[in-house]
Amino acid sequence: MANSSYQKDKSLSIGENSIRYLYKEFDKEYLNYYKKQVVEFQKKYPDITNKNRRTGKSLKNICFFIWHYTDGEKGKVFDLLFDTSVLLSAQDDFLDNPQIDYQNKEKFHSVCKDLLNGKNCNLTKIDTAQLQELISLWKTIIKKIKNSSSRGVYLYWKKTAEQMNEAMKKEVYLSKNQRVAFDDYIKKAVYSIGAIFIWTTYLIIKKAPISTLEKLKPIFLRGAIIARFSNDICSYRKNKNKINAVNIIMNKKNSEKYILGLIRKEKQKLNKDLEGLQIEKWIKQAIQRSTDFLIEFYKNSDFTKTFSKKEN
């Protein structure tokens, strides 16, 4: 299926030591292939990949994540997944920035909605480079999806993209409200984390039928809960004042431990659900690898940090 020279079964549970070992294996692949793709991408999108931005610091780990859960995909599959993953990170950078005013964020959402609906949208010279590059990247991704799939498949993907964008929009408003109910937060945050969007994009570029995507809806939702909780554990450790699952549920004796417990339970349920699902093995492995990776990765690091001592 993929072009990786690394054939170890990566669907097994992984811990910090395993992640460091995987990173060493990935480093060889990065120098041989992925680094060149990153450099080319940076030339096209210099502002959103600026090294002072979170996204600019995350590019290698984004490659690492894709390499791991796709078992070393390259070529068009990697290119689209990298585009999509960087978009997700850069869009979060943009919407999460309190220095960017409401009007510019609303403009972004409006233009995105028009693009997804096939309308031609052009920004002006007064728009920031960050906004222009985000919209340019959306255009590129939409074109790639349209060129590689039927109209029905595109509309399915479009719905997933709109769902993510709407959740990210609502999450910005939630962050201003310090009294957020846990259930209300989760309903939006599981979609804003972008995991469902990424998995859907991956399966579509790999030509999985809509019937398979429909079967996977409850699996994707459970996986997105795992991704959100794992991300929020990391977020809580970095900034205890930021809205996340851990500090919303502060009435628990040890909220961090409680969320870690929920992650374990959701992962057990996910594995059981996948076991009983009649779908191709590579799809099951991709979901297992990605959720395992995020659980362990966020316990020990975040996407802006590197495991390479030379780069620290």
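The values are calculated or read from the model by the stated rules, or taken from the named source; none is laboratory data. Model, not experiment: these values are computed from the prediction. Ideal geometry is used to build each Cβ from the backbone, glycine not excepted, and the neighbour counts take in all protein chains shown.
Is it the case that some residue within region 156-164 is hydroxyl-bearing (Ser, Thr, Tyr), at pLDDT 95 or above, surrounded by 15 or more Cβ atoms within 10 Å (Cβ to Cβ) and within 30 Å of Thr70 (Cα to Cα)? Looking through region 156-164, at least one residue is hydroxyl-bearing (Ser, Thr, Tyr), at pLDDT 95 or above, surrounded by 15 or more Cβ atoms within 10 Å (Cβ to Cβ) and within 30 Å of Thr70 (Cα to Cα). Does region 106-113 contain any residue that is under 17 Å from the mean Cα position of the chain (by Cα) and in contact (Cβ under 8 Å) with a residue 40 or more places away in the chain? Checked region 106-113: no residue is under 17 Å from the mean Cα position of the chain (by Cα) and in contact (Cβ under 8 Å) with a residue 40 or more places away in the chain. Between Lys257, Lys305, Lys238, the distinction of being more than 20 Å from Asp96 (Cα to Cα) and basic (Lys, Arg) belongs to Lys257 only. Quick check on region 275-288. Is at least one of its residues small (Gly, Ala, Ser) and exposed (fewer than 15 other Cβ atoms within 10 Å of the Cβ)? Yes; the residues of region 275-288 include at least one that is small (Gly, Ala, Ser) and exposed (fewer than 15 other Cβ atoms within 10 Å of the Cβ).
Here Asp101 meets each of (1) among the acidic types (Asp, Glu); (2) exposed (fewer than 15 other Cβ atoms within 10 Å of the Cβ); (3) within 23 Å of Arg228 (Cβ to Cβ) with one exception, condition (3). Based on what the data block shows, is Glu266 surrounded by fewer than 15 Cβ atoms within 10 Å (Cβ to Cβ) and either modelled with pLDDT under 90 or acidic (Asp, Glu) (or both)? Here the answer is no, as Glu266 does not meet what is asked.
Just one of the numbered conditions (1) polar (S, T, N, Q); (2) more than 15 Å from Phe197 (Cβ to Cβ); (3) in contact (Cβ under 8 Å) with a residue 12 or more places away in the chain is not true of Asn120: (3). Within region 76-94, does at least one residue satisfy the condition of being part of a loop (DSSP other than H, G, I, E, B) and in contact (Cβ under 8 Å) with a residue 40 or more places away in the chain? The answer is no; no qualifying residue exists.
Taken over region 187-209, the criterion of being in contact (Cβ under 8 Å) with a residue 60 or more places away in the chain and assigned to a helix (DSSP H, G or I) is satisfied by Ala195, Phe197, Ile198, Trp199, Thr201, Tyr202, Leu203, Ile205. The single condition among (1) more than 12 Å from the chain's Cα centre (by Cα); (2) under 14 Å from Ile198 (Cα atoms) that Asp47 does not meet is (2). Any chance region 113-129 includes a residue that's at negative phi and either aromatic (Phe, Trp, Tyr) or surrounded by 20 or more Cβ atoms within 10 Å (Cβ to Cβ) (or both)? No, because not a single residue in region 113-129 is at negative phi and either aromatic (Phe, Trp, Tyr) or surrounded by 20 or more Cβ atoms within 10 Å (Cβ to Cβ) (or both). Note on region 173-185: among residues that are surrounded by fewer than 16 Cβ atoms within 10 Å (Cβ to Cβ) and of a type in the set (A, V, I, L, M, F, W, C), the one that is modelled with the lowest pLDDT is Ala181. Taking Ile295 as the residue in question, decide whether it is modelled with pLDDT of 90 or more, surrounded by 21 or more Cβ atoms within 10 Å (Cβ to Cβ), more than 18 Å from Tyr202 (Cβ to Cβ) and hydrophobic (A, V, I, L, M, F, W, C). Judged against the criteria, Ile295 is a match. Selection of region 22-65 for residues being in a helix (DSSP H, G or I) and β-branched (Val, Ile, Thr) yields Val38, Val39, Thr55, Ile62. Quick check on my filter: what residues within region 210-248 are at pLDDT 95 or above and assigned to a loop (DSSP other than H, G, I, E, B)? If the condition is that a residue be at pLDDT 95 or above and assigned to a loop (DSSP other than H, G, I, E, B), then Leu216 is the only one that fits.
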